[in-house]
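J.: Below is a structure I'd like to ask you about.
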Amino acid sequence: MAKLRTVAVLAGAALLTRRALRRRIQASPLWPMPALENPTSGRPRSRALRLLVTAHETVAEGVVQLRLEGRDLPRWEPGAHLDLVLPSGVVRQYSLCGDPADTSAYTVATRLVEGGRGGSREVHEQVAEGMELEVRGPRNRFPLVAARSYVFIAGGIGITPILPMLRALGDGVEWRLLYCGRSRESMPFLEEVEKLGGDRVTVVTGRPDLDALDVPGEAAVYCCGPEGLMAAVEERYPQVHLERFTPHAAPGAAFEVELRRSGRTLTVGADSTVLAAVRTELPDTAYSCEQGFCGTCQQRVLEGEVEHRDELLTDAERGDSMLICVSRARSERLVLDM
């Protein structure tokens, strides 16, 4: 890898267009990052919007891209995602992969997951041009941070949050991309990525050799793709920035949950969730994504220590609430205001 220039990128602070972001990156050898709030992350959560599906097209083998049009849409930054409320009512999260400066439309893409929970199949088979969909967001928990250089690792559909980052960085910043997939035909946006990066892009079909990857110590590492790929990257580079749309499973012990207003006490097994246990007693309890992203199942915690596993709540919210679909107890007992 060529000698890397010192660069810093402001991401997650001001609402910058792609051109403005590139101009600022190239203008200074070091750009301090001010401590400003990221407008597309955490709370307050963006209002729901009704957008029109104006394009539903296949962009790779098993991958469909949606264009969702509206007016004066909230701007977003590379790494941001949308919550889509699908026709069945389920909520799924998809990375924005279009142009952040385009306030007339959002673009997302999804791969058909055989044997999944049905969201991707619904997008592929039931969503159509001319249909209106509710969207929430955008939110960004995968922002482009200040770094001297960048190494990106994408597996298949995992290219979607990374592609806007590459466009924003352009030619003035040192970056490299390892893009892997089952076959070239299954890799979305491959032609654009290769034109954009030239010899900075390494394309691998099959299993990548991560040990051969040249990662300078000062580089920011970004990875999105199948869980196996992300786990392998995280093992080698603990500082990696990851984008997950499925809960990161971890072992847990059984514990008790008291539902204070209902006067009931439940046992949550090591292989179960608080949501599953609660719904055996309170079947009308609201939920949607079951992955810790949408916030539908948020509940107030009156007593006990929570092991937060969600990707949504702010530190302040975690002080007295939890998402019961994924989070668990650190203590032997939790008391919920239910």
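J.: May I ask you to list the GluC sites (Glu not before Pro) in the stretch 59-164 that are in a DSSP loop and have at most 14 other Cβ atoms within 10 Å of their Cβ?
T.: Hits after loop and neighbour filter: E114, E129.
J.: Now for a separate question. Just report the Cα centroid separation between the stretch 189-213 and the stretch 106-171, whole Å.
T.: Distance between centres, Cα-based: 18 Å.
J.: Moving to a separate point now. Just in the stretch 245-338: which trypsin sites (Lys or Arg not before Pro) are loop by DSSP and have at most 12 other Cβ atoms within 10 Å?
T.: Here the trypsin sites (Lys or Arg not before Pro) that fit, given the DSSP loop and packing criteria, are R261.
J.: Right, next: For the stretch 171-186, just list the computed ³J(HN,Hα) in residue order, Karplus coefficients 6.51, -1.76 and 1.60, θ = phi - 60°, integers in Hz, with x standing in for Gly and Pro.
T.: Each residue's phi maps through the Karplus curve to give 8, x, 10, 6, 8, 9, 10, 9, 10, 10, x, 5, 7, 4, 5, 8 Hz.
J.: Going through the stretch 74-106, which chymotrypsin sites (Phe, Trp or Tyr not before Pro) have at most 14 other Cβ atoms within 10 Å and a DSSP loop state?
T.: Nothing satisfies the criteria.
J.: Could you tell me how many cubic angstrom of Cα convex hull volume the stretch 255-336 has per residue?
T.: 80 Å³
J.: Which cross-chain or sequence-distant (5 or more) residues have an amide H under 5 Å from the amide H of R148, H modelled 1.01 Å from N in plane?
T.: Residues meeting the amide H criterion: V7, A220.
J.: In addition: Using only the alpha carbons of the stretch 49-139, determine the length spanned along each of the three principal axes and report them from longest to shortest in whole angstroms.
T.: 36, 22, 21
J.: Find, to one decimal place in angstroms, the Kirkwood hydrodynamic radius of the stretch 196-338, where the mean of 1/r is taken over every pair of different Cα atoms and then inverted.
T.: 17.4 Å
J.: State the answer as a single residue: which of G198, L177, P188 lies farthest towards the positive end of the charge dipole of the stretch 142-242, with beta carbon charges of +1 for Lys and Arg and -1 for Asp and Glu, about the Cα centre.
T.: Among G198, L177, P188, the one farthest towards the positive end of the dipole of the stretch 142-242 is P188.
No lab work stands behind these numbers, since they all come straight from the coordinates. What you see is a predicted model; the values in this text were computed from it and never measured. Because the Cβ atoms are built from the backbone with ideal geometry, glycine has one as well, and the counts that use them run over all protein chains shown.
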